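The values are calculated or read from the model by the stated rules, or taken from the named source; none is laboratory data. The shown structure was predicted, so the numbers you read here are calculated from the model rather than taken from an experiment. Methodologically, a virtual Cβ is constructed for each residue, glycine included, from the backbone with ideal geometry; neighbour enumeration extends over all protein chains shown. The area values use the complete protein model at the heavy-atom level, side chains included, leaving out ligands, DNA and RNA. Shrake-Rupley method; radii C 1.70, N 1.55, O 1.52, S 1.80 Å.
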Amino acid sequence: MSKSGMVKFMSFSSGSCGNCYYFGDGENGIVIDAGVSLRRLKRAMEENGLTLDSFGAVLVTHDHLDHIRHLGSYCKRLHKPVYTTGILHRSLATHSFTSDHIASCRHVLPGDGAAHVCGMEVRYFVVPHDATQTVGYAISYKGHKFVIMTDLGRMTDEAVEYARQADTVVLESNYDMDMLMGGPYTYELKMRIIQGNGHLSNDECASAIRRFWHPGLKNIFLCHLSENNNTPELAYRCSLDALRDAGAEKGTVSLRCLPRTCPSGFFTL
Ligand SMILES: [Zn+2]
Ligand SMILES: [Zn+2]
C-alpha cells in the first residue's frame, strides 16, 4: 500500500435521525458511528462500489441513539472491532441497544498517543456535549489528515488545534439561532441545544472556521444540520463568509453541507 494516495469520505446519514460516515480508500476503511441500519449501510455502500468488507472497524463518537442505534446489530452480524474510549465502552456495555453484542468487539483507545486502526493513526479528543462522554477523531491515513467532530456544544482550543492540522474537517453546523428561537421547540429544549453541552450553531461553526482555517485546508463538510432549525443554504452561507474572513482564497476550500437523510455519495479528498 502506498504511503500517500487517494482517500474517500462518504456520509450515509447526518442529523438527529441518524449518523454514519465512511473514511478510507475503498478497500480499507473505517465507519464512524452506527446510526443507520446494516441494510441501509450495505445498500449505500454497494451503490457506491463498496461492500461491507470495505471497512475493518467502527469508531463511536458518543452514546446518543442517533449515533449507536444499530451498533448492536453491526456487532452481532459483522463482528468488526468497535473502537472508542474506556468511558464510552463502559456505557455501551450496559446500554440496552448495545449490551448484548458488544463485548467481543470491544477495543479501548489509549488516552494519549495514537492507536493504529486498519492501518490508520487514530487519536480522539473530548468535546463538550450532553452524552456520557463525546469525542472527536483525528485520523491520519495515506498522507491525509481527517478530523471529524459531530455533536459539540462549543469549540475547544484542543479541537481547534486538531482542525488546524487537518486537510479535511467534518464539523457540526446544527442550527440557525433565529430559526431555533422563533421555532416550535419548548423553552427547555431550546436552552438544552444552545448551552455549552448542546449543539453548535451556524455562527459558532463559522467562528470555529475563522480560528482553524489554514492554507492546507482542502475540505469542510458541515454535518448534523437540524431539520427544524436550519437550512443548508443558511449553514453554507455562514461558513462561506467565515472562510472569506479567514483569508481563504476563492476555490481553495471545498465547502459542502451533508444531506440529512440520504447518502452523500463519495467525495475524493
Ligand atoms: Zn447526534
Ligand atoms: Zn448527541
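Filter region 134-146 down to the residues that are away from ligand 2 (no atom under 16 Å from the Cβ) and touching a residue at least 24 places away in the same chain (Cβ under 8 Å), then identify the one that is surrounded by the fewest Cβ atoms within 10 Å (Cβ to Cβ).
Step one: list which residues in region 134-146 are away from ligand 2 (no atom under 16 Å from the Cβ), which gives 138-146.
Now restrict to residues that are touching a residue at least 24 places away in the same chain (Cβ under 8 Å): 138-144, 146.
Numbers: A138: 22, I139: 25, S140: 15, Y141: 25, K142: 17, G143: 11, H144: 22, F146: 23.
Restricting to residues being away from ligand 2 (no atom under 16 Å from the Cβ) and touching a residue at least 24 places away in the same chain (Cβ under 8 Å), the top hit is G143.
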In region 94-124, how many residues are open to solvent by less than 50 Å² (accessible area, probe 1.4 Å) and either modelled with pLDDT under 95 or touching a strand residue (DSSP E or B) at 6+ places or on another chain (Cβ under 9 Å) (or both)?
12
When you go through (1) more than 19 Å from C262 (Cβ to Cβ); (2) open to solvent by 30 Å² or more (accessible area, probe 1.4 Å); (3) within 16 Å of ligand 2 (Cβ to nearest atom) one by one for R69, which number turns out not to apply?
(1)
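For the subset of region 74-93 comprising residues that are open to solvent by 10 Å² or more (accessible area, probe 1.4 Å) and under 20 Å from the mean Cα position of the chain (by Cα), which member is nearest to V127 (Cα to Cα)?
Here is the first cut: in region 74-93, the ones open to solvent by 10 Å² or more (accessible area, probe 1.4 Å) are 76-81, 83, 86-87, 90-91, 93.
Still in the list and also under 20 Å from the mean Cα position of the chain (by Cα): 80-81, 83, 86-87, 91.
Values: K80: 26, P81: 23, Y83: 17, G86: 15, I87: 14, S91: 17 Å.
The qualifying residue nearest to V127 (Cα to Cα) is I87.
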Selected residue (criterion: farthest from ligand 1 (Cβ to nearest atom)) from residues of region 75-90 that are under 11 Å from A34 (Cβ atoms) and in contact with a strand residue (DSSP E or B) (Cβ under 6 Å, 6 or more places away or on another chain):
K80
Restricting to region 188-240, name every residue that is part of a loop (DSSP other than H, G, I, E, B), touching a Pro at 6+ places or on another chain (Cβ under 9 Å) and open to solvent by 40 Å² or more (accessible area, probe 1.4 Å).
N197, N228
